[in-house]
Amino acid sequence: MAPRRGGTVVLVGSRADAHVQEVARRLHAEDVDALVVDTLAFPEETRLSLTEDLAGIVVDGREVGRPAAVYVRGLHAHPLAAKVEAHDAMDADWRTTLTAFREKSALLLGVLGRWERLGVPLYNPPSADWGMHKPAQLAALQAAGLPVPRTLWTNDAEAVRRFARSGRVAYKPIAGGAATQELCEDDLTEERLAALAAAPVTFQELLPGEDLRVYVLDGAVIASLRVVSASLDFRQHEARIEPVTLPPDIASACVKACEVLGLRWTGLDLKRDGDGVPRFLELNGSAMFLGFDARGGSDVAGQLARALARHARDV
């Protein structure tokens, strides 16, 4: 077999992840070398070695140094991360397990930090991690003049009651992991609000309009889709996903949102308010796209792979 052309593209995530597999397949079709750093299998199987040299990075015995580009799908560096099976280990010795995950995270973030320092194009870089926390993200977008919903993050019961007086409210976890629900009278009882002592919650004005998913890559909108659903939280409840053409001002706002947060690429979720204005709900640092490609006719996977391949050919 002839050697592949150009530099290596590194895919950071699980080999079993369908998104990693599809991007790797597309890169191979582009005749570009793709190396998967299997973070789900680290440190049990994947071997990483770093020296004091900035480019001293070895993965499974292969000197990687400075790759052409990096697609960051996921680090699997927390016991609650998707696909991580740590229940038995946490039950047996939670302190040692958390310490091990902390060490795993430190090394993986160290690798990504080195690559960013070396000027490697990262999709997305660790320097953008601050903006993946929703209380920081929406505030940064609002400060930049972009439309976001009125939102409250709190563990204060009285603050929730005051917020609820202004109209319909939705609530959801701050870091995700559960479906969005509408706040009702039963949620405003003393007993129910006492749960805030265990964990803060996101409360947000309930937007009645259509849901939009927009993908931005390297400063351009590459796909925009309307999600038709009868559910407040459309995830896994999509009736239809159909392509739409965004007005130029909305497309420009999506690109600006990426710039504000320092993202090379993202999937944005927007929802129209009562006046039809799309408001930013979330920018995801590692957005899923295969389901949207399959049902909405987009080709996010192909465009992402081609962008990575261009970096490899430029080496």
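From the list Pro147, Pro135, the lone residue that is in contact (Cβ under 8 Å) with a residue 24 or more places away in the chain, open to solvent by 20 Å² or more (accessible area, probe 1.4 Å) and in contact with a helix residue (DSSP H, G or I) (Cβ under 9 Å, 6 or more places away or on another chain) is Pro147. With respect to Asp129, determine if the residue is out of contact with any strand residue (DSSP E or B) (no Cβ under 9 Å at 6 or more places or on another chain), more than 23 Å from Ala253 (Cα to Cα) and acidic (Asp, Glu). Judged against the criteria, Asp129 is not a match.
When Gly61, Gly110 are checked against the criterion of being loosely packed, with under 13 Cβ neighbours inside 10 Å, out of contact with any Gly (no Cβ under 9 Å at 6 or more places or on another chain) and of a type in the set (Gly, Ala, Ser), Gly61 stands alone in meeting it. For segment 82-96, indicate whether the set of residues that are open to solvent by 40 Å² or more (accessible area, probe 1.4 Å), closer than 30 Å to Leu261 by Cβ and modelled with pLDDT of 95 or more is non-empty. Checked against the condition, which is being open to solvent by 40 Å² or more (accessible area, probe 1.4 Å), closer than 30 Å to Leu261 by Cβ and modelled with pLDDT of 95 or more, segment 82-96 yields no hits at all.
Checking the structure you have, find out if any residue of segment 29-41 is surrounded by fewer than 12 Cβ atoms within 10 Å (Cβ to Cβ) and of a type outside the set (A, V, I, L, M, F, W, C). Within segment 29-41, not a single residue is surrounded by fewer than 12 Cβ atoms within 10 Å (Cβ to Cβ) and of a type outside the set (A, V, I, L, M, F, W, C).
For segment 170-195, a tally of residues being touching a residue at least 24 places away in the same chain (Cβ under 8 Å), surrounded by 15 or more Cβ atoms within 10 Å (Cβ to Cβ) and either touching a helix residue (DSSP H, G or I) at 6+ places or on another chain (Cβ under 9 Å) or in a loop (DSSP other than H, G, I, E, B) (or both) returns 3. Considering (1) assigned to a loop (DSSP other than H, G, I, E, B); (2) within 26 Å of Leu263 (Cα to Cα); (3) touching a residue at least 40 places away in the same chain (Cβ under 8 Å), the lone condition that Ala199 does not fulfil carries the number (2).
Does Arg306 fit the bill of being in a helix (DSSP H, G or I), modelled with pLDDT of 95 or more and either among the acidic types (Asp, Glu) or open to solvent by 60 Å² or more (accessible area, probe 1.4 Å) (or both)? Here the answer is yes, as Arg306 does meet what is asked. Of all residues in segment 279-293, those satisfying the criterion of being in contact with a Leu (Cβ under 9 Å, 6 or more places away or on another chain) and either free of Cβ contacts under 8 Å to residues at least 40 places away in the same chain or open to solvent by 50 Å² or more (accessible area, probe 1.4 Å) (or both) are Arg279, Glu282, Asn284. Among residues of segment 110-124 that are over 15 Å from Asp53 (Cα atoms), those with a beta-carbon under 8 Å from a residue that is assigned to a strand (DSSP E or B) and open to solvent by 10 Å² or more (accessible area, probe 1.4 Å) at least six positions away or on a different chain give the pairs Leu122/Val72; Tyr123/Val72; Asn124/Val72. For segment 1-74, no strands (runs of 3 or more DSSP E) sit wholly inside it while including 3 or more residues that are among the hydroxyl-bearing types (Ser, Thr, Tyr). When segment 107-126 is filtered for residues that are at pLDDT 95 or above, part of a helix (DSSP H, G or I) and under 23 Å from Gly176 (Cβ atoms), the ones remaining, listed by number, are Leu108, Leu109, Leu112.
The values are calculated or read from the model by the stated rules, or taken from the named source; none is laboratory data. Not measured: the values here are computed from a predicted model. Every residue, glycine among them, receives a Cβ derived from its backbone with ideal geometry; neighbour counts consider all protein chains shown. All accessible areas refer to the heavy atoms of the entire protein, side chains included, with ligands and DNA or RNA removed. Shrake-Rupley method; radii C 1.70, N 1.55, O 1.52, S 1.80 Å.
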